[in-house]
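Asks: This is the structure, below, for whatever I ask next.
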Amino acid sequence: MMKDKILLVTGGSSDVGMALIEKVQDDFDYIIAHHIGDNEKLLSLKEKLGDKLILVKGDFLSEEDTYRFVEEIKSLGKIPTHIVHLPAGRFENIKFTKIGWEKFEKDYHIAFRSLVIILSAFLPMMEKNKFGRIVVMLTSCTLNIPPKYLASYVSSKYALLGLVKALANEYAEKGIRINGVSPSMMDTKFLDSIPDLIVEQNALKSPTGKNLSVEEVVPTFQFLLSDDAQGITGQNLAITNGNIM
């Protein structure tokens, strides 16, 4: 039987990550928040939650530092029972022939390689305990026809979707539930590199006349982390703000 419920949030300093931590803080004994560098809001959240919130740095562009990140968590003796994976490469509209392999590689390392390394480390313990909850941030770009000029971003998300599907099937009988969440465009700092006109046009295309808010997305993560989602695995749950995919 598990002694503690421990949530690892990679990309914990993101808008979604911090909102999720605040939302589920009472559901866990400890929450480990991954971050790249000092973040004033995250540090403020640490002051509020105290020892319950553990901050661990990790640069997922570096394979070496990703492994170091995993080893640091192990050294804390706080092995995750629940994992939410949020990291993604910079969101930019670029024509395919102008992207270059380097951008594809960066997006792949940040989003996909990091999760492979993390799950390789912590899935064995989940398997031993016959329990685990893993939720991966995907994107509505994986539903039907993706938008133009996002080839590297979309490709990395499809790689994650493939991993979710494969591992959900492999670990279903072990009591481990692995799912993806695919929201449409959200109003977060992740859109800072996208022209305002594109963000506004996307909002106008929505039946609600706006882009998603973080508060509309986080409850789905909370549900998939809960015992109420026992019967759900290998799914890519869409949150599309009224658009039918």
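Every number in this text was worked out from the coordinates using simple rules, so none of it is lab data. Bear in mind the structure is a predicted one, so any value in this text is a computation, not a measurement. With ideal geometry, Cβ positions are generated from the backbone for all residues, glycine too; neighbour counts draw on all protein chains shown.
Asks: Mind checking which aspartates and glutamates have their C-alpha under 16 Å from Lys46, skipping anything on the same chain fewer than 8 residues away?
Replies: Within the straight-line limit of under 16 Å, Lys46 reaches these aspartates and glutamates: Asp15, Glu22, Asp26, Asp29, Asp38.
Asks: Using +1 at the C-beta of Lys and Arg and -1 at the C-beta of Asp and Glu, which of Thr66, Gln25, Gly77 has the Cα lying farthest in the positive direction of the dipole of the stretch 10-82?
Replies: Value: Gln25.
Asks: Please give the FRET efficiency for Leu76 paired with Asn144, using the beta carbon to beta carbon distance and R0 = 51 Å, rounded to the nearest 0.05.
Replies: Efficiency computed from Cβ-Cβ geometry: 0.75.
Asks: Provide Phe104, Phe96 in ascending order of the number of other Cβ atoms located within 10 Å of each residue's Cβ, fewest first.
Replies: Ranked by crowding around the Cβ, least crowded first: Phe96, Phe104.
Asks: For Gly234, what is the net charge nearby, where nearby means another residue's Cβ is under 12 Å from its Cβ and Lys, Arg count +1, Asp, Glu -1?
Replies: Neighbourhood net charge equals +1.
Asks: Sticking with this one: Taking Lys157 as the anchor, which lysines have their alpha carbon closer than 24 Å to its alpha carbon, excluding any fewer than eight residues away along the same chain?
Replies: Lys57, Lys95, Lys98, Lys103, Lys106, Lys148, Lys165, Lys189, Lys205, Lys210
Asks: Going highest first, how would you order 53-62, 229-238, 8-17, 110-119 by mean Cβ packing within 10 Å?
Replies: Output ranking for 53-62, 229-238, 8-17, 110-119: 8-17, 110-119, 53-62, 229-238.
Asks: Which residues' amide hydrogens lie under 5 Å from the amide hydrogen of Ile83, considering only partners 5 or more residues apart or on another chain, with H built in the peptide plane?
Replies: Excluding prolines and chain starts, which carry no amide H, the hits are Leu8, Arg133, Ile134, Val135.
Asks: At 222 nm, what helix-only mean residue ellipticity would the chain give, in deg cm²/dmol to the nearest 500, using -39500 (n - 2.57) for each DSSP H run of four or more?
Replies: That comes out to -13000 deg cm²/dmol.
Asks: About the Cα centre of the stretch 1-60, what is the dipole size in debye to 20, counting +1 per Lys and Arg Cβ and -1 per Asp and Glu Cβ, all else neutral?
Replies: Around 100 debye, computed over the stretch 1-60.
Asks: Given charges of +1 on the Cβ of Lys and Arg and -1 on the Cβ of Asp and Glu, with all other atoms neutral, how large is the dipole of the chain about its Cα centre, in debye to the nearest 20?
Replies: 500
Asks: With each label point set 7 Å from Cα along the Cα-Cβ vector, what nm distance links Lys98 and Tyr67?
Replies: Each label point lies 7 Å from its Cα, and together they span 3.8 nm.
Asks: Tally Lys and Arg at +1 and Asp and Glu at -1 over the other residues with C-beta under 12 Å from the C-beta of Val218: what net charge comes out?
Replies: Once positives and negatives cancel, what remains is -3.
Asks: Arrange Tyr30, Tyr67, Tyr153 by Cβ neighbour counts within 10 Å, fewest through most, would you?
Replies: So the residues, fewest neighbours to most, are Tyr67, Tyr30, Tyr153.
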